[in-house]
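To keep things clear, I will list the structure first and then write my remarks on it.
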Amino acid sequence: MGACASSQSEIRSRSPSSSTIKIIDNDGKLQELKQPIKAGDITAKNPDSFLCSSESMYLGMCIPHVPEEEELQLDQIYFLLPQCQAHKPLSLPHLCSLAVKASSALGLASFPVSESHGYVRVSLFPVENLWPWKCRN
């Protein structure tokens, strides 16, 4: 079959929280902002990256940039992606890897859980295809 990467995560109860802008970077780290901010303020701190909205990504289409002057919206998820991916069509493996990153960063797991242990083990993808869309130098 092939090796699979898996993770073990503790089950967390999610209480309702205040509205935030959620930005997930290329390494899967989540940044939450409580106040609206312009996209250019984020990309100025990350010059080799661009922002895209999770709601404007379509398979087979290039990932659209959020314009620098656009204000990011509360309760929206944005990805901070490397510039080298800016003009490439979004592939299914890339979309799936972004979904895994978002799910992990947001602490969302919709997998069956054993109540007696409070942990879940999830096999996500083959190791050799871990991040096929990373930029090559």
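The values are calculated or read from the model by the stated rules, or taken from the named source; none is laboratory data. A quick note: this is a predicted structure, and the numbers were derived from the prediction, not measured. For neighbour counting, all protein chains shown are included, and Cβ atoms are generated from backbone atoms with ideal geometry for every residue, glycine included.
Worth a mention:
- Some residue of the range 51-66 being in a strand (DSSP E or B) and over 17 Å from Ile23 (Cβ atoms): yes
- Within the range 23-56, the residues that satisfy the criterion of being within 14 Å of Leu95 (Cα to Cα) and surrounded by fewer than 18 Cβ atoms within 10 Å (Cβ to Cβ) are Gly28, Ser54, Glu55, Ser56.
- Among the residues listed as Ala105, Ala5, the single one being at negative phi, part of a strand (DSSP E or B) and either surrounded by 12 or more Cβ atoms within 10 Å (Cβ to Cβ) or modelled with pLDDT under 85 (or both): Ala5
- Residues in the range 19-34 that are under 18 Å from Glu55 (Cβ atoms) and touching a Ser or Thr at 6+ places or on another chain (Cβ under 7 Å): Glu32, Leu33.
- Residues of the range 36-57 that are under 15 Å from the mean Cα position of the chain (by Cα) and touching a residue at least 24 places away in the same chain (Cβ under 8 Å): Ser49, Phe50, Leu51, Cys52, Ser53, Ser54, Met57.
- In this structure, Ile77 does not satisfy being surrounded by 14 or more Cβ atoms within 10 Å (Cβ to Cβ) and over 23 Å from Ser19 (Cα atoms).
- Qualifying residue in the range 125-135 (condition: within 18 Å of the chain's Cα centre (by Cα), modelled with pLDDT under 90 and in a strand (DSSP E or B)): yes
- Evaluated against (1) at pLDDT below 90; (2) assigned to a strand (DSSP E or B); (3) within 18 Å of Asp25 (Cβ to Cβ), Leu80 falls short on exactly one condition, (1).
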